[in-house]
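No lab work stands behind these numbers, since they all come straight from the coordinates. Remember, predicted model here, so these are calculated numbers, not experimental data. Cβ: placed from backbone, ideal geometry, glycine included. Neighbour counts: every protein chain shown.
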Amino acid sequence: MRFEYGRALWLLLALVPLAGGAYLLYRRSLSNLTYLVGQHQRVAFMEALTFKRFVTGFLFHVALALGVVAIADPHWGEQSIEDERRGLEVVFLMDVSNSMLAEDVAPNRLARSREVARAVYARLSDMAAGVIAFKGDETVISPMTEDSVAFERAMDILSGALVSTAGTDIEAALRVAADSFPGRTERRKVVLLFTDGQEISGNYRGLFRNLRGLDVTVVTVATGTAAGSMIPLPTGGVLRDLDGNPVVAGVDLDGLETLAAETGGKHFSINDAAVVNQLTDYLEEVSAKGRSVVFRVRETPRYRLFVVLSVSMLVLSVLFEIRRWGRVV
Amino acid sequence: MWVLDKPIFLLLLLPIPFLVYLRHFWTKRGGRVMMSTSMWDGEVFRPPATVQSAMLRVAHLAYWLGWVLLVLALAGPTRTTRERIYLTRGIDIMIVLDQSASMAAEDFRPGNRFETARTVITRFIGDRPGDHIGLVGFSAEAALRVPPTLDHDYLRGELARMALMELGDGTAIGMGVALSALHLQAGGAEERVIVLLTDGVNNAGEISPISAAEAAASAGIRIYAIGVGSAREAPIEVRDPETGQLYRGIVRDSYDENALRRIAELSGGQYFTASSAGTLQAVFEAIGTAQTVERRVRIHVRREHVYREILMVALALLLLDFLLRRIVLRVAP
């Protein structure tokens, strides 16, 4: 089972004090009952009070809990849906931060990314491509186009100088990339993210939902090694932190894998000698060009089951409320 | 537009009036102390309106409204938006716009030639949502601003950012046409068109307009050449974006009609003159009419489920009822 909005389950904790308060009131009612009817009749009324107050309260809380689970949007099982889209629109989302100058990949991470992007573009036919460079900020170098000259030119000018803001804001870059698909074509939308992804943290859930909602698949390409490397400076030497220690830029491989998996994409490593072939094969598979019918597997949402159970609990609770209990109530 | 995924679930609303009757109006329900008022001979007995009785009514209302919303969430309320998917490839159009200083001539009231051209081009872009449109600017040099793209928002943004004289002072028509032809060739469209707007004579660049037009024609690219401006003298005011210096004067120059006509004829296109904002608009409409292709369009419906929001409101209302009745008012069930 997978919850689309797993955070909503925290609301279940809020039900605990509510149920506790209701139970204390029930206990107080018992003592009030004894005061009203006396100890000798208490047992006769107890049964009614238990069902009337305790059971209805219990059923109500169960109904609320089931509603909360429904809000968390549980999914399990798979269903096949026909996919009408063919061909590809690919945004090449290129990290141009300083860490991309690290030389744990020859000649360096950025240059190798550029080579791989060019090779993949050259091998895929009948596609449109856009190029976005990002660091702490992002800039569209080329919008989505079939113009291969524009793509080559965009790759030529790709460098850290294109963006002045330092850092690596992958989340903001992905949002810009998702918005850069013009639509209006039957092509599938793919973001091909080349990054060393050092700072994949924080709340990406909202972003994943947006990307899935827009039918955008993210394919990640880790551009460095997990062990990392020092970052050479154009002026000579290496980048150092405030204490004078060399900065070692590693790659958040787990973060990149999660990012790809959450949007139905796949993760690749630029260190793999066959990365161009792997990427091309995968993108051709996504493109599904030339196939007559294509099916995509999607997890089945199951929230209705929990809402139906919740409504059933409420019906039971009403029935217990209105029932006459023996002669006494 | 709003739709329900499973409207059959709305049938669950039918028992609600019965449950309301059982819970609030059925005289034989449990948990009530019944007493007769039939012997009362005075005025009709009504319980006094108090804050407590108002809260109780609010609680009842919240409870049943919560029920209705729960059932509504089960029915799967969905917001749908329609997106046009073009199944046939449109035309690739490259707009080549003169950015020389003379385009600031103010004979296209209320704006100058350049501003009017931008307004008309923006409208033209809006009328062709399925076509890949690109933008090249030229004056002393030519530069690709936008390759042919369906991303018309980006295109409009770049068009708005263009400024006069940012590519120097001069008119390199040949370079503009040649650069456009290069980028149109690199695309995949069968039908490719250049729309050239200029008010001057070619006086810069290494490629002559005729050579560029011949190259475009050999690649199967049609050129629509538009000469903008009137033969009259026109006041001009332009600021050099590099130096910030403001230039004022009178423009007397006009475009080379014969050259533009030749460029259009060579490529199988058409030549137009536009001496006012109205005629420029008419010229673009004529080009739009001439360049029509048969299109197959599919409507793709995007669905956004909103049951979660409705579920949240439903649970909040049920909780409100519980808090008011059981905790605040401590009503016996």
Computed about the Cα centre, the charge dipole of the protein assembly as shown from +1 Lys/Arg and -1 Asp/Glu charges at the Cβ has a magnitude in debye, to the nearest 20, of 5240 debye
Inter-label distance for B:T243 and B:R330, nm, one decimal - labels placed 7 Å from Cα along Cα-to-Cβ: 8.9 nm
Label-to-label distance, nm, for residues given as B:V68 and A:L30 (7 Å Cα→Cβ offset): 4.0 nm
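What is the average number of partner chain Cβ atoms found within 10 Å of a Cβ in B:300-306?
Numbers: counts 6, 0, 4, 1, 1, 4, 0.
Counting other chains' Cβ atoms within 10 Å and averaging over B:300-306 gives 2.
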Using +1 at the Cβ of each Lys and Arg and -1 at the Cβ of each Asp and Glu in region A:153-289, identify which of A:L214, A:G228, A:V238 lies farthest towards the dipole's positive end. A:L214
Toward the positive end of the charge dipole of the protein assembly as shown, about the Cα centre and with charges on Cβ (Lys, Arg +1; Asp, Glu -1), which of A:L309, B:V238, A:G38 goes farthest? A:G38
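Please give the charge dipole size of region A:87-290, origin at the Cα centre, charges +1 on K and R Cβ atoms and -1 on D and E Cβ atoms. Round to the nearest 20 debye. Intermediate values should be presented prior to the final figure.
Values: 18 positive and 29 negative charges, 70 e Å.
Magnitude of the dipole: close to 340 debye.
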Calculate the spin-label point distance for A:W10 paired with A:R240, positioning each point 7 Å from the Cα along the beta-carbon direction, and give it in nanometres. 4.2 nm
Compactness of region A:45-151 as Cα Rg over 2.2 N^0.38 Å, two decimals: 2.15
Rounded to the angstrom and largest first, Cα extents along the principal axes for region B:89-290 equal 45, 33, 31
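Could you work out [θ]222 nm for chain A from helices alone, using -39500 (n - 2.57) per DSSP H run of at least four and dividing by all its residues? Round to the nearest 500 deg cm²/dmol. Let's see the in-between values first.
Numbers: 10 runs with 140 residues, N = 329.
The helix contribution divided over chain A gives -13500 deg cm²/dmol.
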Angle check, please: helix A:275-287 long axis (alpha carbons) against the longest principal axis of chain A (alpha carbons), in degrees 0 to 90, nearest 10. 60 degrees
Taking each residue in B:142-153, count the Cβ atoms of any other chain within 10 Å of its Cβ, then average. What number comes out? 6
Can you put B:L14, A:L25 in order, fewest other beta carbons within 10 Å first? B:L14, A:L25
Given the C-alpha atoms of region A:87-290, compute the convex hull and give its volume per residue in Å³. 112 Å³
Taking the highest mean first, how do the peptides B:292-299, A:305-312, B:2-9 order by number of other beta carbon atoms within 10 angstrom per residue? A:305-312, B:2-9, B:292-299
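Arrange the peptides B:22-28, B:152-158, B:179-185, B:98-104 so that the one whose residues have, on average, the most other Cβ atoms within 10 Å appears first. Kindly include the intermediate steps, with their values, before the conclusion.
Working: B:22-28: 11.6, B:152-158: 18.6, B:179-185: 23.4, B:98-104: 26.7.
For the peptides B:22-28, B:152-158, B:179-185, B:98-104, the packing ranking is B:98-104, B:179-185, B:152-158, B:22-28.
Hey, got the average number of other protein chain Cβ atoms within 10 angstrom for residues in A:181-193?
Details: counts 2, 9, 9, 13, 9, 5, 1, 0, 0, 0, 0, 0, 0.
Counting other chains' Cβ atoms within 10 Å and averaging over A:181-193 gives 4.
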Could you bin all the Cα-Cα distances of region A:60-106 into 10 Å bins starting at 0 and give me the percent of pairs in each, rounded to whole numbers? 16, 17, 16, 21, 22, 7, 0
Normalised by the number of residues in chain A, what is the relative contact order in percent for Cα pairs under 8 Å and 6+ residues apart? 25 percent
Mean 1/r over distinct Cα pairs of region B:284-333, inverted to a Kirkwood Rh in Å, yields 16.4 Å
In Å and on Cα atoms, what radius of gyration and Dmax does region B:122-236 show? 14.3, 44
Counting lysine pairs in the protein assembly as shown that sit 8 or more positions apart or on different chains, with Cα atoms under 22 Å apart, gives 4
What's the ranking of B:68-79, A:213-224 by average number of surrounding C-beta atoms within 10 Å, highest first? A:213-224, B:68-79
Mind jotting down the three principal axis lengths of the protein assembly as shown based on Cα atoms? Whole angstrom, largest first. 114, 68, 55
With point charges of +1 on the Cβ of Lys and Arg and -1 on the Cβ of Asp and Glu, referenced to the Cα centre of region B:89-290, which listed residue (B:L197, B:G137, B:P209) lies farthest in the positive direction of the dipole? B:L197
How far is helix A:253-262 tilted off the main Cα axis of chain A, in degrees rounded to 10, range 0 to 90? 60 degrees
Note to self, chain B gives a 222 nm [θ] from helices alone (DSSP H runs n ≥ 4, -39500 (n - 2.57) apiece, / all residues, nearest 500) of -11000 deg cm²/dmol
Report the relative contact order of chain B, percent, no decimals, based on alpha-carbon pairs under 8 angstrom and at least 6 residues apart. 24 percent
In degrees rounded to 10, the 0-90 angle between helix B:277-290 Cα long axis and the longest Cα principal axis of chain B is 80 degrees
Alpha-carbon spread of region A:90-207, three principal axes, descending order, Å: 36, 35, 21
